[in-house]
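Undergrad: Below are the structure tokens for one structure; questions will follow.
Read-outs: derived from the displayed coordinates by stated rules, not from any lab. These numbers were taken from a predicted model, which means no experiment stands behind them. All Cβ positions, even for glycine, are placed from backbone atoms using ideal geometry, and neighbour counts span all protein chains on display.
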Amino acid sequence: MGDITVAILSPGDMGHAVGHVLVEHGLMVKTCLEGRSRRTQELAKKAGIESVPNYEQLVCDADIILSILKPSEALNAATTVAGALGSVGERIVYVDCNAIAPNTVKKIAEIITGAGSRFVDAGIIGAPPARGSNTRLYASGPDIGEFEVLCQYGLDIKAAGTEVGQASGFKMVYAALTKGSSAISIELLVAAFRMGLYRPLVEELQRSQRERYASIERSLPVMPSKSRRWVGEMEEIAKTFEDVGLTPRIFQGAADIYRFVGETALADETPEHIDRDRTLAQLIETLATEGK
């Protein structure tokens, strides 16, 4: 057993997988499940993550806290942890791993450092870590060495810079390509279906955009379960580009597309219950006919 205790906020799809890697490599991993769903509680148990009753206990037990949440929850989580730190007089290393804009993460850094603790900015690239996966965590800020120790316990951590905000910026521009491209693909395929052009478009893509179409065909059918979470991520990407003097409208539109998908019953699926036999054509037909 290692002598570092890591806390995970929260052990959802990504968080429990990261926690499980650390548990497998001998670390004690804890969380607070106050207000969390039954599914999240089950994922934590499955990953071997121990639950404590409140955040005061969590910050007393933990050396490092990894915040892995929906973008909209990141600021509130940091505020809650800072309050707990202040009430018990503890100091920890807080690593924000959320898909948020650099200016958002800087606000969180101020909250945590204001509570007397150290802060690391991080961004996760790739799917939840599992055997054979290639998940990387990019980190930035003056205290990244405090986080890089977890490389010894199964995480692949890479430096993205010396300033808080750089790792989150890296995550934003990377996801702008991957998830932004998926949003564009959804919109154009639904439009083609509604115009009666889906089949000829697919045939042309198979001829002239074979590799791109193969990627679309592989990835989009399993995407709806992530769509609601990706709304917030697209909004944070829009903020990122606006803050550097570029238009936010492209990714505000991408957020609208994921909101559109999230309003369908397909988005109610969980990763454990995705219809993996669903084809791209079936997905697009459902979205084109049932989507608002």
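Undergrad: Are there GluC sites (Glu not before Pro) in the range 81-166 that DSSP puts in a loop and that have at most 15 other Cβ atoms within 10 Å, and which ones?
TA: Here the GluC sites (Glu not before Pro) that fit, given the DSSP loop and packing criteria, are Glu163.
Undergrad: Bin by bin, in steps of 5 Å, what percent of the Cα pairs in the range 5-162 do you find, going until the bin that has the longest distance?
TA: 2, 10, 21, 25, 23, 15, 5, 1, 0
Undergrad: Right, another one. Given charges of +1 on the Cβ of Lys and Arg and -1 on the Cβ of Asp and Glu, with all other atoms neutral, how large is the dipole of the range 169-290 about its Cα centre, in debye to the nearest 20? Kindly include the intermediate steps, with their values, before the conclusion.
TA: Numbers: 16 positive and 19 negative charges, 64 e Å.
Magnitude of the dipole: close to 300 debye.
Undergrad: Using only alpha carbon pairs under 8 Å that are at least six residues apart, calculate the relative contact order of the chain and give it in whole percent.
TA: Result for the chain is 14 percent.
Undergrad: Let me ask something else. So how strong a dipole does the chain carry about its Cα centre when Lys and Arg Cβ are +1 and Asp and Glu Cβ are -1, to the nearest 20 debye?
TA: 660
Undergrad: For Ile250 and Glu148, what is the calculated FRET efficiency with R₀ set at 45 Å and r taken between the beta-carbons, to the nearest 0.05?
TA: With a Förster radius of 45 Å, E is 0.85.
Undergrad: Here's a follow-up. In the range 5-162, what % of DSSP beta bridges are antiparallel (nearest 5)?
TA: For the range 5-162, the DSSP antiparallel bridge percentage is about 20.
Undergrad: On to the next question. Using the membrane-span-like helix rule (whole DSSP H runs, Cα extent along the own axis of at least 27 Å, mean Kyte-Doolittle hydropathy at least 0.0), which helices of the chain qualify? Before the final figure, lay out each step's value.
TA: Working: long enough: 166-194 (41 Å, 0.75).
Span-like helices, by this rule, are 166-194.
Undergrad: To continue, here is another question. Give the average over all directions of the projected area of the C-alpha convex hull of the chain, one decimal, in nm².
TA: Computing the convex hull of the Cα atoms and averaging its projections yields 15.6 nm².
Undergrad: If the chain between Thr279 and Glu263 were fully stretched, how many nm would it gain, using 0.36 nm times the residue separation less the Cα-Cα distance?
TA: Values: separation 16, 0.36 × 16 = 5.76 nm, distance 1.96 nm.
Stretched fully, the Thr279-Glu263 segment lengthens by 3.8 nm.
Undergrad: I'd like the antiparallel share, as a percent to the nearest 5, of DSSP beta bridges with both residues in the chain.
TA: If I count the DSSP bridges inside the chain, around 20 percent turn out antiparallel.
Undergrad: What nm value, rounded to one decimal, do you get for the distance between Ser72 and Thr113 when each label is placed 7 Å out toward the C-beta?
TA: 3.0
Undergrad: Lys/Arg Cβ at +1, Asp/Glu Cβ at -1, dipole of the chain taken about the Cα centre: which of Tyr198, Thr279, Tyr258 is farthest positive-ward?
TA: It is Tyr198, whose Cα lies furthest towards the positive end.
Undergrad: State the extension gain, in nm to one decimal, for the chain segment bounded by Glu50 and Ser133, taking 0.36 nm per residue of separation less the distance between their alpha-carbons.
TA: Net length gain for the segment: 27.4 nm.
Undergrad: Diagonalise the Cα gyration tensor of the range 169-292 and give the resulting equivalent ellipsoid semi-axes, square root of 5 times each eigenvalue, largest first, whole Å. Write down the numbers at each step before the final one.
TA: Numbers: eigenvalues 115, 61, 37 Å².
Equivalent ellipsoid semi-axes, largest first: 24, 17, 14 Å.
Undergrad: Amide H to amide H under 5 Å from Lys158: which residues, 5+ apart in sequence or cross-chain, H placed 1.01 Å off N in plane?
TA: Distant-sequence amide H within range of Lys158: Leu137, Tyr138, Ala139.
Undergrad: Based on the mean of other Cβ atoms within 10 Å per residue, sort peptides 170-180, 151-161, 5-15 so the most packed one is first.
TA: 5-15, 170-180, 151-161
Undergrad: When the chain is fully extended, how far beyond the present Cα-Cα distance does Arg210 get from Lys158, taking 0.36 nm per residue of separation?
TA: Result: 15.4 nm gained on full extension.
Undergrad: Using amide H atoms built in the peptide plane, which far-off residues or other-chain residues are under 5 Å from Val120 H to H?
TA: It is Tyr94, Val95, Asp96, by chain and number.
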